[in-house]
Amino acid sequence: MTPIIDESGSAGIVKTSILSLSLPPEGLLLECGRTLGAINIAYETYGELTPERDNAILVLHALTGDAHVAGCHTPEDKKNGWWDFMIGPGKAFDTNRYFVVCTNIIGGCQGSTGPASINPASGRPYGMTFPMLTIGDMVKVQKMALAQLGITQLFSMVGGSMGGMQVLEWILRYPEMVRSAIMIASTPKCSAQSIAFNEVGRQAIITDPHWRNGEYYGSSAKPETGLAIARMIGHITYLSEQSMNQKFGRRLQKREEYSYEFTGEFEVESYLHYQGLRFVQRFDANSYLYLTKAMDYYDAAADWGKGNLEAACSRVKAKTLVMSFTSDWLFPSHQSKELVKALRQNNADVSYVELDSDYGHDAFLIPSATLSRVVDSFLDNLYQEGEAE
Amino acid sequence: MIQKRLRENILLSDYDMVVSLVETGSRVLDLGCGDGALLSRLIAEKQVKGMGVEIQQDAVIACIHKGLSVFQGDIDAGLADYGNASYDYVILNQTLQAIHHPDFVIEEMLRVGRRAIVSFPNFGYWLVRAQLLVKGRMPQTVKLPFFWYNTPNIHLLTIRDFEGFCSKRSITILKQVSLCGGRQGRLKTIRLFPNLLADEGLFVITRSP
């Protein structure tokens, strides 16, 4: 088996590239019935594609992620990609073996076309005129982007949270293209509770006076308060009671006694404020609206099985690995198990691992030797099988 | 062929025995599959379509590294996610005595599988009886190596107990093999006084029509 965690190399200096999709003149028809022309997709790659083009792995990021998964952008850059501990030479996604690709989702705001992009028809940012997107649209676009990169077969694909929904959509929509798939802390559909949290986040943005129906681009006043609150709510759902107790408890921030004022005096308050502030610097409020909505709409059973997940899963050909975390209450284990059950009833080659973690939903973003080992074991077996052929 | 080998008392390992009992190309669910050694052999030698259930994380990862389909879960929680008669065999190898609700689990096995293969250490084995009778202490043997305070075996039973259970619950015993460990961990079959002379019982059972 390959080494388990870090120690070894980084993916090195990488850069985000932009790919312009070749579209028919009428543009790309989306699930909502509208079309979108001129689509750019930001992406990064790590490792080398084999001459047989049979070692590509697609990484699908979560709600607010981006294409920068591993390595760093400049030698001085101290911030590595968001899944650096998983991807690189000798790591679970071993770039000595695999060609790893990550694309920023359409509708996002980190290089790919989204509501903040200029509408070529009007010369102004789309804002709320941007068409509504679905997870299916995202996957369709990813497939087109990969084709332009010369990739028509995937050795594997992986995604956590909303990335996991995209993985599921991939193996349902393009079953012939995917040899294996890994879904982490994800779900075949959002529960009422997750939709509720997303809606509170959206309302925080929409009711921010600076939102102005999404036409805040170019203005100095942006719906930053609303977006920050949306992020704070989201962040609570990404943590767990245990991890919040461990991290903050009831400790006060830089003081011993209560101030009896409405300032963020508990550590957990100031942490959430900080998360909110940091987020508005890198994320677009309209993107947040569109992407959370796409997530809410997703229902694999409805889309592919007339409401029956087992019927939907009869399409799946990929060998799948489903993982969940014990303390994840946003997409709890039972939602992953529901998918595993549906796959198993179709005699699909599926494995399920429930990782013990206190970190809640965000656990998949936190370095873990066990997470690395599970993924490494899964891929290594497939890789050895390929070598033996 | 297999029966002939058994009659001839040819030494067989525990896994050899289970492998020999499973029909080629069948669908198998292995409960408490450990690192997947038995399942791998069933796939290699009997071309079964197999799936394992295991609760220990390291063992689950070992299964995944072997390329097996494995589900991390607790057998005691039942097999509610599994449809009726969805497997040809459900195997519970050397685990029955360590589960909390063995009667419930066996019923579940017979619901999910057309047949079940169950093996367990025989508490009626003479060496076990003798330790209790002569020393007056909880027995320790090769198959039962633990102390009373750290044993995972919470539902110890004898071959006769299991036979009684089957008759009471309308379960048909299709095949019964009584085994005793020989040298180098090899087993030999016991035909005479099995409840006294065998240290392991192995049963193939099915729901009575």
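The values are calculated or read from the model by the stated rules, or taken from the named source; none is laboratory data. Treat the numbers as computed from the prediction; the structure is a model and nothing was measured. Note: ideal-geometry Cβ built from the backbone for every residue, glycine included; neighbour counts use all protein chains shown. When the accessible area is computed, the model is the full protein with side chains, heavy atoms only, and any ligands, DNA or RNA have been set aside. Shrake-Rupley method; radii C 1.70, N 1.55, O 1.52, S 1.80 Å.
With N the number of residues in the range B:1-154, Rg(Cα) / (2.2 N^0.38 Å) evaluates to 1.12. The equivalent ellipsoid that matches the C-alpha gyration tensor of the range A:197-288 spans semi-axes of 28, 15, 10 angstrom, in descending order. Checking every one of the chymotrypsin sites (Phe, Trp or Tyr not before Pro) in the range A:221-268 against DSSP loop status and a limit of 15 other Cβ atoms within 10 Å picks out A:258, A:260, A:262.
The slack in the chain from residue A:245 to residue A:40, taken as 0.36 nm per residue of separation less the alpha-carbon distance, amounts to 69.6 nm. Distant-in-sequence amide contacts of residue B:175, defined by a placed amide H-H separation under 5 Å and a gap of 5 or more residues or a different chain, comprise B:204.
In terms of its Cα atoms, the range A:274-389 spans 51, 39, 27 Å along the principal axes, sorted from long to short. Relative contact order, whole percent, for chain B stands at 19, derived from Cα pairs under 8 Å and 6 or more residues apart.
For GluC sites (Glu not before Pro), the sites in the range A:12-47 that DSSP calls loop and that have at most 11 other Cβ atoms within 10 Å are A:26. Simple rule: put +1 on each Lys or Arg Cβ and -1 on each Asp or Glu Cβ in the protein assembly as shown, find the dipole, and look at B:112, A:162, B:59; the Cα lying farthest toward the positive end is B:112. When the other protein chains are added to the chain by itself, burial of at least 40 square angstrom of heavy-atom accessible area (probe 1.4 Å, ligands and nucleic acids ignored) affects these residues of the range A:364-389: A:373, A:377, A:381.
Rounded to the nearest 5, the antiparallel percentage of DSSP beta bridges internal to the protein assembly as shown is 40%. Spin-label model, residue A:53/residue A:210: points 7 Å from Cα along the beta carbon direction are separated by 4.6 nm.
Amide H contacts of residue A:329 (H built 1.01 Å from N, in plane; Pro and chain starts excluded): A:361 sit under 5 Å, all sequence-distant by 5 or more or on other chains. Atom-type composition of the exposed protein surface of the range B:141-181 places 58 percent of the accessible area on carbon and sulfur (1.4 angstrom probe).
P(r) tail, the range A:78-123: Cα-Cα pairs separated by more than 17 Å, 54% of all pairs.
For the range B:102-209, the orientation-averaged shadow of the C-alpha convex hull comes to 7.7 nm² (one quarter of the hull surface). Over chain A, what is the relative contact order in whole percent, taking alpha-carbon pairs under 8 Å and six or more residues apart? Relative CO of chain A lands at 17 percent. Computed from the C-beta positions of residue A:32 and residue A:96 and an R0 of 30 Å, the FRET efficiency is 0.10 to the nearest 0.05. In chain B, the calculated helix contribution to ellipticity at 222 nm averages -8000 deg cm²/dmol per residue, counting -39,500 (n - 2.57) for every DSSP H run with n ≥ 4. Taking every Cα-Cα distance in the protein assembly as shown and sorting them into 20 Å bins from zero, the calculated P(r) comes out as 18, 45, 27, 10, 1 percent. For the protein assembly as shown, the residue among A:290, A:28, A:342 whose Cα projects farthest onto the positive side of the dipole built from Cβ charges is A:342.
I'd like the distance separating the alpha-carbon centroids of the range A:77-128 and the range A:215-249, in whole Å. Result: 21 Å between the Cα centres. Determine the alpha carbon to alpha carbon distance for each of A:79/A:341; A:91/A:319; B:49/B:168; A:79/A:254; A:341/B:188; A:222/A:293 and list only those over 30 Å. Over 30 Å Cα-Cα: A:79/A:341; B:49/B:168; A:341/B:188. Here the range A:201-329 is assigned +1 on the Cβ of each Lys and Arg and -1 on the Cβ of each Asp and Glu. Its dipole about the Cα centre then comes out at about 500 debye. Across A:352, A:46, A:288, mean-square fluctuation computed from a Gaussian network of chain A (C-alpha pairs under 10 Å connected) peaks at A:352. Here the protein assembly as shown is assigned +1 on the Cβ of each Lys and Arg and -1 on the Cβ of each Asp and Glu. Its dipole about the Cα centre then comes out at about 1800 debye.
Of the trypsin sites (Lys or Arg not before Pro) found in the range A:228-279, the ones in coil according to DSSP and having at most 14 other Cβ atoms within 10 Å of their Cβ are A:250, A:251, A:254, A:255. Dipole orientation for the protein assembly as shown: of the candidates A:221, A:307, B:83, B:83 has the Cα lying most toward the positive pole (charges on Cβ; Lys, Arg +1; Asp, Glu -1). Accessible surface area normalised per residue over the protein assembly as shown is 44 Å², counting heavy atoms of protein chains with a 1.4 Å rolling probe. 3J(HN,Hα) along the range A:301-316, derived from phi through the Karplus expression 6.51 cos²θ - 1.76 cosθ + 1.60 where θ = phi - 60°, amounts to 5, 5, 6, 10, x, 6, x, 10, 5, 4, 4, 4, 6, 5, 6, 5 Hz, with x in place of Gly and Pro.
In chain A, the calculated helix contribution to ellipticity at 222 nm averages -11000 deg cm²/dmol per residue, counting -39,500 (n - 2.57) for every DSSP H run with n ≥ 4. Among B:119, B:26, B:167, the largest mean-square fluctuation in a Gaussian network model of chain B, built with springs joining Cα atoms closer than 10 Å, belongs to B:167. For the range A:148-231, the equivalent ellipsoid derived from the alpha-carbon gyration tensor has semi-axes of 35, 18, 9 Å in decreasing order. According to the calculation over all Cα-Cα pairs in the range A:226-345, the P(r) per 10 Å bin from zero is 11, 28, 28, 21, 9, 4, 0 %. Split the accessible area of the range A:197-288 by element, probe 1.4 Å, and carbon with sulfur accounts for 54%. The A-B contact accounts for roughly 1900 square angstrom of buried accessible surface, both chains included, probe 1.4 angstrom. Distant-in-sequence amide contacts of residue A:132, defined by a placed amide H-H separation under 5 Å and a gap of 5 or more residues or a different chain, comprise nothing. Measuring only protein heavy atoms, the 1.4 Å probe finds residue A:376 accessible over about 10 Å².
Note on the range A:299-340 and the range B:52-126: Cα centroid distance 23 Å, given to the nearest whole angstrom. Computed over chain B with a Gaussian network model linking Cα atoms closer than 10 Å, the most mobile of B:64, B:159, B:190 is B:64. Across peptide B:56-66, the average count of Cβ atoms from other chains found within 10 Å of a residue's Cβ is 5.
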